[in-house]
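J.: Please read through the structure below; I'll follow up with questions.
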Amino acid sequence: MSEIGPVLELDGIVRTYRTPGAPPLEVLRGASLSIARGELVALVAPSGAGKSTLLHVAGLLEWPDGGDVLIGGRSCGAMTDDGRTAVRRGDVGFVYQFHHLLPEFSALENVAIPKMIAGAGRSQARDEAMALLESVGLKDRASHRPARLSGGEQQRVAMVRALANGPRLLLADEPTGNLDVHTADSVFDMMLRLVRETGLSALVATHNPDLARRMDRAVTIADGKLADTTV
């Protein structure tokens, strides 16, 4: 990651949902945001304000009705579906409130699979996945399937899976929302350490003001636009 400019730029994002028989729902109305390399930004807004929509647009999972998304300085607006898939696979890591681990695979396999999809050989993928699990204290749990892991362990696996392909941007949607307070603090500490150590940029949606205050800055969604806020 050698770029000097912002890792993520959202430029005038518009997103409207249309349902037959109902008026259009304007969720984002010209939302703009710039996140620098290594910057950790909290996204704090009430339920229904559009946090998940914004993260989906930022991660190229949804395409906006207007505006552009730039990742590493590259405009993604004119990319094909295959091009956006390649950017998601290589440049963006996702962590959700629920871990979404594949239940039939071990922790090691869950982390190794994205690496193999990206082209790594099985042996290399497993070695690098083990190193990631070891970095979050889960080396001894590598052979366990998700059902045999605690909630905090499941989320730590999900976290290093998101980092498996060395992304430049981490997008997290309430990553500790399903955990008790003590476990949530522990998992967030680990995420914060990983982000700082790797030089990642991160946009993290959270309802927890204590977690938000530990990030570099916070933004909120107001009237479909992004604005700096205090927590």
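J.: Relative contact order for the chain: what percent, with Cα pairs under 8 Å and sequence separation of 6 or more?
T.: Relative CO of the chain lands at 28 percent.
J.: Hey, how many Å between the Cα centroid of the range 164-200 and the Cα centroid of the range 50-90?
T.: Measuring centre to centre over Cα atoms gives 21 Å.
J.: Give the long-range amide H neighbours of Leu28: residues separated by 5 or more places, or on another chain, with amide H under 5 Å away, using H modelled in the peptide plane at 1.01 Å from N.
T.: Under 5 Å from the amide H of Leu28: Arg15.
J.: Then there's this: Hey, what D do you get for the chain in µm²/s if you plug the Kirkwood alpha-carbon radius into Stokes-Einstein at 4 °C and 1.567 mPa s?
T.: The Stokes-Einstein estimate is 71 µm²/s.
J.: Further question: With θ taken as phi - 60° and the coefficients 6.51, -1.76 and 1.60, list the Karplus ³J(HN,Hα) couplings across the range 172-181 in order, rounded to whole Hz; mark glycine and proline as x.
T.: After applying 6.51 cos²θ - 1.76 cosθ + 1.60, I find 10, 10, 6, x, 10, x, 9, 10, 5, 4 Hz.
J.: Straight distance only, please: which lysines reach the Cα of Lys115 with their own Cα at less than 23 Å, same-chain residues fewer than 8 apart left out?
T.: Answer for Lys115, where 23 Å is the Cα cut-off: Lys139, listed by chain and number.
J.: Now a separate question. Report relative contact order for the range 1-70 in percent, whole number only (criteria: Cα-Cα under 8 Å, sequence separation at least 6).
T.: The normalised contact order for the range 1-70 reaches 42 percent.
J.: Using just the helices of the chain, give the 222 nm mean residue ellipticity in deg cm²/dmol: DSSP H runs with n ≥ 4 each add -39,500 (n - 2.57), and the total is spread over all residues, rounded to 500.
T.: After summing the helix terms and dividing by the residues of the chain, the value is -10500 deg cm²/dmol.
Read the figures in this text as sums done on the coordinates, not as results from a lab. Values in this document were obtained by computation on a predicted structure and should not be read as measured data.
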